[in-house]
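Structure first, then comments.
The values are calculated or read from the model by the stated rules, or taken from the named source; none is laboratory data. All values reported here derive from a predicted model rather than from experimental measurement. All Cβ positions, glycine included, derive from the backbone under ideal geometry; neighbour counts span all protein chains shown. Only protein heavy atoms, including side chains, enter the accessible area calculation; ligands, DNA and RNA are left aside. Shrake-Rupley method; radii C 1.70, N 1.55, O 1.52, S 1.80 Å.
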Amino acid sequence: MRSVDVLPPDIETKVGALRTLDGAAQAAAVTAMLSHSRTGLLAAIAAQDLPQIVEWKAKGAAIQEIAKQVRLGKELRLDADEFVRRAERGLGVAVRGGQQRGDVLRQGQRADHIQAQQENRDTVISRPTDYASPHELSGEPNGFGIYGMTDGVSDEQFEDAIAEARAEGNLSRANVARKAKAKATAVIDADDPLIDAEVEPPPPPAVKSKKRLTKHDSTEMLTNIAGMLGGVVEAIRFMHPNDIDAAQARPTIENIRQSIGAVRKLLKEIENG
């Protein structure tokens, strides 16, 4: 049996590999991809690491396409759609946070003018469009884009919007943004300089620290690690040890042992307080 890597380096290659497997093995492989990606995305969002969020968003879109081409079940396709929506929400929050800190240009600002004012600044100022297209961000003409899932939308409102959209079987960006905007209760401030011309609500006031994950974030990451391991365990059922060359796989085996050791160490530290 051909093995399937955790993340897709190339959609066509990955689809070809998955098509050699039966339906259960395909589902297990895609579940493992998503579990791995959720953990990475959560860490990137907690750190407000825009390039990493963009990378995980792209990987999520690749998994989305793979699930579609392999014609997996509806729930798995919705899982992939939901992952991309969460990556987009994380991207929008990080962009707004960068604008508050001065790391990302606001509407109407010129990069050369800002950089001239901050000659001693170590960080290069970027543009929102360095991370997503104008259409993705604004969702013109209706405003049902990434900012529609971000500006003035609390975490609770976003979760409600995701739940409702999933129940409808439609986790498109436009549908989730439409529901999120409808739930938003923030007062519109047309003079807020962080709000782009086509976006109405103000950016979220709170930005997570880059320096340290909160207790809540760490708990979520532990949950995602459990989900990732669950996907791995599910995939193991479709592996045949006799098909693996032990000598050739020795470096991989050692890496797995080290990873297992790190997980055991973490669990012991949690249990010992």
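Return the residue satisfying two criteria in turn: it lies in the range 84-108 and is more than 13 Å from residue 50 (Cβ to Cβ) and of a type outside the set (Lys, Arg), and of such residues it is modelled with the lowest pLDDT.
Here the residue is 108.
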- Message: Being open to solvent by 10 Å² or more (accessible area, probe 1.4 Å) and touching an Asp or Glu at 6+ places or on another chain (Cβ under 8 Å) is true for just one of 39, 20, 31. Which residue is that?
- Response: 31
- Query: Hey, residue 162 hits all of (1) at pLDDT 70 or above; (2) open to solvent by 50 Å² or more (accessible area, probe 1.4 Å); (3) among the β-branched types (Val, Ile, Thr) but one; which does it fall short on?
  - Reply: (2)
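Conditions (1) closer than 16 Å to residue 87 by Cα; (2) among the charged types (D, E, K, R); (3) buried (at least 17 other Cβ atoms within 10 Å of the Cβ); (4) at pLDDT below 95, marked per residue:
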| site | (1), (2), (3), (4) |
| --- | --- |
| 121 | no, yes, no, yes |
| 124 | no, no, no, yes |
| 128 | yes, no, yes, yes |
| 138 | yes, no, yes, yes |
| 142 | no, no, no, yes |
| 145 | yes, no, yes, yes |
| 152 | no, no, yes, yes |
| 155 | yes, yes, no, yes |
- If you go through the range 69-93, how many residues are without any contact (Cβ under 8 Å) to a residue 12 or more places away in the chain and part of a helix (DSSP H, G or I)? 1
